[in-house]
1. Pairs needed: first member in region 128-148, surrounded by fewer than 16 Cβ atoms within 10 Å (Cβ to Cβ); second member anywhere, assigned to a helix (DSSP H, G or I); C-beta distance under 6 Å; at least 6 residues apart or different chains.
2. Go through (1) outside any helix (DSSP H, G or I); (2) at pLDDT 55 or above and name the single condition residue 23 misses.
3. So which pairs qualify, if the first residue must be in region 40-66 and closer than 22 Å to residue 86 by Cβ, the second must be not in a helix (DSSP H, G or I), the Cβ gap must be under 6 Å, and the two must be at least 6 apart or on different chains?
4. If you take just the helices (runs of 4 or more DSSP H) that sit entirely in region 63-117, which of them hold at least 2 residues that are more than 20 Å from residue 142 (Cβ to Cβ) and either modelled with pLDDT of 95 or more or over 13 Å from the mean Cα position of the chain (by Cα) (or both)?
5. If you check residue 80 against the conditions, is it crowded, with 17+ Cβ neighbours inside 10 Å and touching a helix residue (DSSP H, G or I) at 6+ places or on another chain (Cβ under 7 Å)?
């Protein structure tokens, strides 16, 4: 049986497009369809897996739905910082600290950002604030102290 080249190409194209009708679509996560707590839980799981791109997407939706949640802005900043998006991270840490000026996690992580961007004096200001918030020490204080010592 012989086929003309043009005829074979046309058959191939038609079969290809018909086959697409039977392929299962890839299901993308629709973050806008999830409730806020599900978004936050998903973001934490992604951060635990160091999948900062997916965490970033979930936290973008989360902070849109919960704009006054300092924890959400703190994690959103953290994910951006881990992707070396320092300017965005700085904005989001500021949002977290505007909502809750004593947010220990945001103070710690923002201090780490300051060290990463060669602003040790600002990191030490955050450290001093944590010292005043945690007179008997706390996890965030210890972690920032350690970070500063290891990154001078």
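1. 134/141
2. Looking at each condition in turn, residue 23 falls short on (2).
3. 52/83
4. Values: elements: 70-82, 86-99, 104-116.
In region 63-117, 70-82, 86-99 are the helices (runs of 4 or more DSSP H) which contain 2 or more residues that are more than 20 Å from residue 142 (Cβ to Cβ) and either modelled with pLDDT of 95 or more or over 13 Å from the mean Cα position of the chain (by Cα) (or both).
5. Numbers: crowded, with 17+ Cβ neighbours inside 10 Å: yes; touching a helix residue (DSSP H, G or I) at 6+ places or on another chain (Cβ under 7 Å): yes.
Spelling it out, residue 80 is indeed crowded, with 17+ Cβ neighbours inside 10 Å and touching a helix residue (DSSP H, G or I) at 6+ places or on another chain (Cβ under 7 Å).
The values are calculated or read from the model by the stated rules, or taken from the named source; none is laboratory data. From a predicted model like this one, the values you see are computed outputs, not experimental measurements. Backbone-built Cβ (ideal geometry, glycine too); neighbour counts: all protein chains shown.
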